[in-house]
Amino acid sequence: MHDINRKLHILISCCSESWGGLEMAALETAIQLKKSGMQVTIAGLDNTAFIKKAGNYEFNLISLLPGNIHLLKNIFTIKKFIKTSDPNIIHSHLSHDLWILTPALKLSGSDAKLFLTKHMASGIKKKDIFHRFLYNRVNKAAAVSQYIKKSLVDTTSIPEDKIIVLPVGIDADKFNIFYNKEEIKTVLQIPLNKLVIGFTGRITPGKGHEDFFKAAKIFE
């Protein structure tokens with residue numbers, strides 16, 4: 001039972017060994033929630049870029065062990081945290097984390113809300129009895145695009161009415177459309193009469209570069 005007089009306590013989970021847009025979004029979410037006055041705890045894999053960078057912001061950190069061999073230990077680590085800290089919300093940015101979070105919630109008897117943000121599509125159907133156990137505990141899911149929402153509907157047991165589309169936001173101060181374009185082109189030594197199309201992200205399959213090149217060709 002939660003104390004209604006205490007500040008909202010959120011556990012942000014991102015057990016990824018990478019450092020890219022997904023992990024950056026998870027950390028930025030945690031930072032903004034903390035700035036808004038909420039109590040935020042972060043769970044991630046030990047010695048990863050995500051957990052190290054989170055340490056720069058004075059979060060309470062839970063370092064979990066990588067590999068399925070440590071699954072039970074990680075489940076009981078999170079269960080202990082839930083029992084002692086009683087978070088209101090658990091927000092995962094990686095669906096694989098549900099293998100830890102759902103059992104931990106069940107074992108602790110917590111009524112904390114479980115929220116999942118889905119950043120990437122999955123081509124594997126996850127509607128067997130084990131995955132249904134994991135996904136049926138999710139109270140709400142956010143997909144970063146309509147395409148990802150369709151993937152969630154097609155591959156998991158989460159009802160469509162529990163899924164919202166919530167695009168990843170940007171810092172409007174850093175990405176300010178009112179910056180002087182001529183000044184930027186001069187600094188980057190780009191002719192002022194040239195149209196420039198930018199694309200962020202690594203040049204790897206699945207990032208949409210093919211669509212970008214097709215779109216760029218239209219402007220030739």
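The values are calculated or read from the model by the stated rules, or taken from the named source; none is laboratory data. This is a predicted model, so every value here is computed, not measured. Every residue, glycine among them, receives a Cβ derived from its backbone with ideal geometry; neighbour counts consider all protein chains shown.
Here are a few things to note about the model shown:
- Counted residues, region 122-147 - those being in contact with a Lys or Arg (Cβ under 9 Å, 6 or more places away or on another chain) and within 21 Å of Ile89 (Cβ to Cβ): 11
- Condition check for Leu64: closer than 25 Å to Leu107 by Cβ, modelled with pLDDT under 95 and not hydroxyl-bearing (Ser, Thr, Tyr): no
- Those strands (runs of 3 or more DSSP E) lying entirely in region 1-70 with at least 2 residues free of Cβ contacts under 8 Å to residues at least 60 places away in the same chain and not charged (D, E, K, R): 39-45, 60-64
- Scanning region 52-86 for residues that are surrounded by 18 or more Cβ atoms within 10 Å (Cβ to Cβ) and among the acidic types (Asp, Glu) turns up nothing.
- When residues of region 77-100 are limited to those that are in a loop (DSSP other than H, G, I, E, B) and within 12 Å of Leu11 (Cβ to Cβ), the one farthest from the chain's Cα centre (by Cα): Asp86
- Filter result for Thr186 (over 22 Å from Glu28 (Cβ atoms) and either touching a Pro at 6+ places or on another chain (Cβ under 9 Å) or not assigned by TED's automatic domain parsing to the domain that holds Leu152 (or both)): yes
Conditions (1) farther than 20 Å from Ser18 by Cβ; (2) at pLDDT 95 or above; (3) hydrophobic (A, V, I, L, M, F, W, C), marked per residue:
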site: Lys83; (1), (2), (3): yes, yes, no
site: Ser95; (1), (2), (3): no, yes, no
site: Leu101; (1), (2), (3): no, yes, yes
site: Gly109; (1), (2), (3): yes, yes, no
site: Met120; (1), (2), (3): no, no, yes
site: Gly123; (1), (2), (3): no, no, no
site: Leu134; (1), (2), (3): yes, yes, yes
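- Among the conditions (1) surrounded by 14 or more Cβ atoms within 10 Å (Cβ to Cβ); (2) under 21 Å from Leu166 (Cα atoms); (3) not aromatic (Phe, Trp, Tyr), the only one that His96 does not satisfy is (1).
- Region 16-46: number of residues that are surrounded by fewer than 23 Cβ atoms within 10 Å (Cβ to Cβ) and touching a strand residue (DSSP E or B) at 6+ places or on another chain (Cβ under 8 Å): 11
- Meets criteria (within 19 Å of Lys106 (Cβ to Cβ), of a type in the set (A, V, I, L, M, F, W, C) and surrounded by 15 or more Cβ atoms within 10 Å (Cβ to Cβ)) for Ile90: yes
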